[in-house]
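Q: Please read through the structure below; I'll follow up with questions.
The values are calculated or read from the model by the stated rules, or taken from the named source; none is laboratory data. In this text the structure is predicted, and so the values were computed from the model without any measurement. Counting neighbours? That spans all protein chains shown, and the Cβs are built from the backbone with ideal geometry, glycine included.
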């Protein structure tokens, strides 16, 4: 019980692992699209970042969406510089497992990504997602501008009302300014494309999310 409690408590900044100056090696290309994984965001594209549990299944959910140009997994929201997967899983970095999505606002909207986010996991579980327990599995939306924040907060309020009506507890999703994104190791990138029978711990609630105005919020 002590170990379980420790895994679900956020580490204090001064107690977090220091990390390193050198980024952890990641993959060169996206195995599904073939695009350079670390490419600069093209002109006219926008970026979104979400944490919704184990990033293997989360990334697959997003790369399948129309209008998503590129997806990648990594770590964000904590204190450790350039962490490793093992460090994140220790609970001593403060990072969440996240998916970073580059999307074309001419083909999809930020609201559409929010809809996929809310319906793809249970945002009422706190520091866990299903059987995956720990601070790295928390629900989070990291916003890149005021329009994204407004859309994210509106969607959280709307989804909270529907979840309450369905008998779920309070929404625990954090909404914060997008922090530094650290790429996860190469084997994590598009993991379920390379391992179709691999583990995916994500499961939605069955509650649908009402999409807002349809604004791109890029």
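Q: Only residues in segment 8-29 that are touching a residue at least 40 places away in the same chain (Cβ under 8 Å) and at positive phi count as the first member; pair them with residues that are in a loop (DSSP other than H, G, I, E, B) and surrounded by 14 or more Cβ atoms within 10 Å (Cβ to Cβ), Cβ under 9 angstrom, at least 6 apart or cross-chain, and list the lot.
A: Listed by first residue and then by second, the contacts come to 19/79; 19/80; 19/82; 19/83; 19/84; 19/93.
Q: Being part of a helix (DSSP H, G or I) and touching a helix residue (DSSP H, G or I) at 6+ places or on another chain (Cβ under 7 Å) is the filter; apply it to segment 86-112 and report the residue that is surrounded by the most Cβ atoms within 10 Å (Cβ to Cβ).
A: The extreme case among them is 110.
Q: Those residues that are crowded, with 24+ Cβ neighbours inside 10 Å, out of contact with any helix residue (DSSP H, G or I) (no Cβ under 6 Å at 6 or more places or on another chain) and not in a loop (DSSP other than H, G, I, E, B), I need them from segment 71-85; list them, please.
A: Across segment 71-85, the qualifying residues are 72, 74.
Q: If residue 51 satisfies every condition in (1) assigned to a strand (DSSP E or B); (2) over 21 Å from residue 128 (Cα atoms) but one, which is the exception?
A: Unmet condition: (2).
Q: State yes or no: is residue 192 within 17 Å of the chain's Cα centre (by Cα) and in a helix (DSSP H, G or I)?
A: Spelling it out, residue 192 is indeed within 17 Å of the chain's Cα centre (by Cα) and in a helix (DSSP H, G or I).
Q: Also: Among the numbered conditions (1) crowded, with 18+ Cβ neighbours inside 10 Å; (2) under 21 Å from residue 61 (Cα atoms), tell me where residue 187 comes up short.
A: Single failed check for residue 187: (1).
Q: Looking at 134, 201, can you tell me which residue is closer than 25 Å to residue 27 by Cβ, touching a residue at least 40 places away in the same chain (Cβ under 8 Å) and touching a strand residue (DSSP E or B) at 6+ places or on another chain (Cβ under 6 Å)?
A: Details: 134 fails: touching a strand residue (DSSP E or B) at 6+ places or on another chain (Cβ under 6 Å).
Testing whether each residue is closer than 25 Å to residue 27 by Cβ, touching a residue at least 40 places away in the same chain (Cβ under 8 Å) and touching a strand residue (DSSP E or B) at 6+ places or on another chain (Cβ under 6 Å) leaves just 201.
Residues checked against (1) more than 14 Å from the chain's Cα centre (by Cα); (2) under 15 Å from residue 53 (Cα atoms); (3) buried (at least 21 other Cβ atoms within 10 Å of the Cβ):
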position: 123; (1), (2), (3): no, yes, yes
position: 152; (1), (2), (3): no, no, yes
position: 162; (1), (2), (3): yes, no, no
position: 181; (1), (2), (3): no, no, no
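Q: Here's a follow-up. Using the structure shown, decide if residue 177 is more than 18 Å from residue 52 (Cα to Cα), out of contact with any helix residue (DSSP H, G or I) (no Cβ under 7 Å at 6 or more places or on another chain) and at pLDDT 95 or above.
A: So residue 177 does not fit the description; no.
Q: Exactly one of these conditions fails for residue 16: (1) crowded, with 20+ Cβ neighbours inside 10 Å; (2) touching a helix residue (DSSP H, G or I) at 6+ places or on another chain (Cβ under 8 Å); (3) farther than 23 Å from residue 148 by Cβ. Give me its number.
A: (2)
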